[in-house]
1. Would you mind putting 104-111, 209-216 in packing order, based on average other-beta-carbon counts within 10 Å, highest first?
2. Which three extents, in whole angstrom, do the alpha-carbon atoms of the stretch 3-281 cover along their principal axes, largest first?
3. Using the Cα centre of the stretch 3-281 as origin and beta-carbon charges of +1 (Lys, Arg) and -1 (Asp, Glu), tell me which of Ala70, Pro254, Val53 is placed farthest towards the positive end of the dipole.
4. I'd like the distance separating the alpha-carbon centroids of the stretch 98-122 and the stretch 190-240, in whole Å.
5. At 0.36 nm per residue, minus the direct Cα-Cα distance, what do Thr2 and Arg114 gain on full extension? Give it in nm, one decimal, please.
6. For labels at Leu192 and Leu68 in the simple 7 Å Cα→Cβ model, what's the distance in nm?
7. Scan the chain and hand back the longest stretch that contains none of the trypsin sites (Lys or Arg not before Pro) lying in DSSP loops with at most 14 other Cβ atoms within 10 Å.
8. Under 8 Å for C-alpha pairs, at least 6 residues apart: give me the relative contact order for the stretch 3-281, rounded to a whole percent.
Amino acid sequence: MTPARIIVLTTLAMIAFAGNSLLCRVALKHTSIDPASFITVRLASGALMLWLVVRLTRASAAGHGNWLSALALFAYAAAFSFAYVSLSAGTGALLLFGAVQATMIGYGMWSGERLHGLQLAGLAMALAGLIGLLLPGVSAPPLTGALLMIGAGMAWGVYSLRGKGAGDPTRVTAGNFLRTVPIALALSVLNLHAATFDAAGFGYAIASGALASGLGYAIWYSALPALKSTAAATVQLSVPAIAAAGGILFLGEPLSLRLILASTAILGGIALVIANQRRKGGG
């Protein structure tokens, strides 16, 4: 794969990941679709798109997913959607990304990995940024939404950890998406009394599932083998920034000084941890 192709695919994947935040936020803010319906449509359309991708491109690949991973995936999608009832796109993406990385770094430490020097400083910086973002104040995000998004990030971190070595990533993700559909349908039935049907909202949910999730993951997994693990982790630092920029440009969301400072601390701190892992790992 040529360097130019890698750059294009990676850029498209990061835009797709940030697009999930934008599509969910615009659907729940500007249309009348309820979060449970958004979750169900997103997961069903994502499952369909990934199934088509697998059928067309990866017929001989191994991997099929499992129910525990599907539950983690559903927990992420559900908390993500309910969080965006109250969070801005940029704040939500920052909290999500920070929680994902914190979960995976925390698991590594629990498994025996040790942080030293700049890694510890980076972890402390990231935690300080998170605390600063959540402290009470005029520009603080709603606590319930923030906690839901942190929970979504933890669930995605668990899902990512469970996916290591499980087989072809696209095929495994397709299997897990398919397994989330009946769970999401059950949630929609339980939430039927509050369900609202909105054509535009359904359109955003389909775009989130089929394009930003289904095609986004397929594109990312096609680029991933060509990237070093550190590069793959580092490039994802761009997702909250892309989401924040999209929220400002397309949704008219404000960019507060608190968010800028917190983003710098959280993403900069995580970058220090990742970069020093590469140095200790010898590349």
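1. Descending mean neighbour count gives 209-216, 104-111.
2. Principal extents (largest minus smallest coordinate, Cα): 51, 51, 37 Å.
3. Going by the Cα projections, it comes out as Val53.
4. 25 Å
5. That pair, Thr2 and Arg114, stretches by 36.7 nm at full extension.
6. 3.3 nm
7. In short, 1-113.
8. For the stretch 3-281, the relative contact order is 43 percent.
Since every read-out is calculated from the coordinates, none of them should be taken as a lab result. None of the values given here were measured: they were computed from a predicted structure. Here the Cβ is made from the backbone with ideal geometry for all residues, glycine too, and neighbour counts use every protein chain on show.
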